[in-house]
1. Anything in the range 84-105 that is of a type in the set (A, V, I, L, M, F, W, C) and either under 14 Å from residue 308 (Cα atoms) or over 19 Å from the mean Cα position of the chain (by Cα) (or both)? List them, or say none.
2. Go through the range 322-353 and report how many residues are touching a helix residue (DSSP H, G or I) at 6+ places or on another chain (Cβ under 6 Å) and either among the acidic types (Asp, Glu) or at negative phi (or both).
3. Return only the number of the condition from (1) outside any loop (DSSP other than H, G, I, E, B); (2) over 22 Å from residue 407 (Cα atoms) that residue 48 does not satisfy.
4. Could you please tell me which pairs satisfy a Cβ distance under 9 Å, a separation of 6+ or placement on different chains, a first residue in the range 409-425 that is open to solvent by 70 Å² or more (accessible area, probe 1.4 Å), and a second residue that is not β-branched (Val, Ile, Thr)?
5. So which residues in the range 116-138 are within 16 Å of the ligand (Cβ to nearest atom) and either open to solvent by 60 Å² or more (accessible area, probe 1.4 Å) or acidic (Asp, Glu) (or both), if there are any at all?
6. Determine if the range 97-111 includes at least one residue that is part of a helix (DSSP H, G or I), within 14 Å of residue 260 (Cβ to Cβ) and touching an Asp or Glu at 6+ places or on another chain (Cβ under 7 Å).
7. Inspect the range 206-221 for any residue being in contact (Cβ under 8 Å) with a residue 12 or more places away in the chain, more than 11 Å from the ligand (Cβ to nearest atom) and more than 26 Å from residue 374 (Cβ to Cβ) and give the result as yes or no.
8. Out of everything in the range 246-284 that is more than 13 Å from the ligand (Cβ to nearest atom), assigned to a loop (DSSP other than H, G, I, E, B) and open to solvent by less than 40 Å² (accessible area, probe 1.4 Å), what residue ends up being farthest from residue 112 (Cα to Cα)?
Amino acid sequence: MSVSEQLFERAKKVIPGGVNSPVRAFQAVGGNPRFIAQAEGARITDVDGNTYIDYIGSWGPMLLGHNHPAVLEAAVQAAKKGLSFGAGCPAEAEMAELVCRMVPSVELVRMVNSGTEAVMSALRVARGYTGRDKIIKFEGCYHGHCDSMLVKAGSGVMTSGVPDSAGVPEGCAKDTLTAVYNDLESVKGLFDKFPGEIAAVIVEPVAANMGVVTPEEGFLPGLRRICTEEKALLIFDEVITGFRLGPDGAQGYYGVKPDLTTFGKIIGAGMPVGAYGGRREVMEMVAPVGSVYQAGTLSGNPVAMAAGLAQLHILEENPDIYRQMNAMGDDFRAKLRKIVEETGVSCQVTGEGSLSCLFFTKEPVVNYRIAKTSDTEAFGKYFRHMLGRGIYVAPSQFEAIFLSAAHKEADLERTLEAIEEYFRG
Ligand SMILES: *Cc1c(COP(=O)(O)O)cnc(C)c1O
């Protein structure tokens, strides 16, 4: 038995499913989850000493690669001064200034400890600000595990939410309306059906939790227009895209300005951090200035702030990183498309910037319904092939291939060769 297998057996006895987040399980692809001993750059090494090219990057945070020396040093130095104070620390002010500088739509920002918390808080602010209860989300978009967001369309576009998860009261889900990604009509339909009741539209500007589905031209500007007309807030959930597509995230990349933005993942550089922010007037709803309560014992934690700041400083000062990484993503997708074409397999290559996806379906993927036509059995086989070749992609069809600044041309070549080998059988 491998050490990973032994650890998994132990973990299963005391952790539900042996994992602390379901996405880490290999349930969808078969096999035993790897336990990771350490990581460096674009490589992770498991407890059995197998090293893989890593295309997960802790699900996004490790934009500069694992164990970046400056990030590591900043965290270590901060830790030496104390792990938590429960009072303000200099790094919090610096972090807030940096976020407001990098993302112009953000005038005030509050730190939290995860993307889930950021979304949950932003929704509360939107409801407090507008005095309305309903929220529109898109089928297939993930916004963390807070009750009201664990909803997809139960019975078509125009219906109210039906919870996806046991334990979510109907009451929590009833104010969640679901629309179809890349379909403005489905959004308009909901505003027509519930006039004056919708507080906000929340969207992943590039959907990266149903595989990667990019916004069609006009979709994001259309959402902006509808929200403005309907006096509802537009919330960009940039937990994945923030500081990834560019220094100002998807909103800068596509030139659309949301009212509120949620951050996570990259902002903490691997430490547990989330943040939400936006227009001053809206964010002034938050306690202790305003009447929307939101708090956190460990929020703005000095070690987490130091790590996040170190990564963001590097990104702010070196915009070339984005050009290089996004160009690498374009190149990767172009070569992957060529392989798909030449081998004649039924696959779609999607993505933007450093986010890519290989869908095992013959239909171009523009929304969740189509994403779900993917052959997950075939994906599982592909996953196991890749793992055997020392390449660690996410153990699910419906996740992104995350590039980092630490990936090298040679890594991508090796990866493309392994994919081609798989397709040629
Ligand atoms: C990961 C993710 C979240 C949740 O963040 P956690 O830190 O896991 O709570 C929310 N929204 C999006 C778009 C995400 O990808």
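The values are calculated or read from the model by the stated rules, or taken from the named source; none is laboratory data. Since the model is a prediction, treat every value here as computed from it, not as a measurement. Positions of Cβ are generated from backbone atoms using ideal geometry, with glycine treated the same way; all protein chains shown enter the neighbour counts. Side chains included, ligands, DNA and RNA excluded: accessible areas come from the protein's heavy atoms. Shrake-Rupley method; radii C 1.70, N 1.55, O 1.52, S 1.80 Å.
1. Of everything in the range 84-105, those that are of a type in the set (A, V, I, L, M, F, W, C) and either under 14 Å from residue 308 (Cα atoms) or over 19 Å from the mean Cα position of the chain (by Cα) (or both) turn out to be 85, 87, 89, 91, 93, 95, 96, 98, 99, 100, 102.
2. Of the residues in that region, 7 qualify.
3. (1)
4. 409/328; 409/331; 414/389; 414/390; 417/389; 421/385; 421/389
5. Within the range 116-138, 117, 120, 124 qualify.
6. yes
7. Yes, that holds for at least one residue.
8. 256
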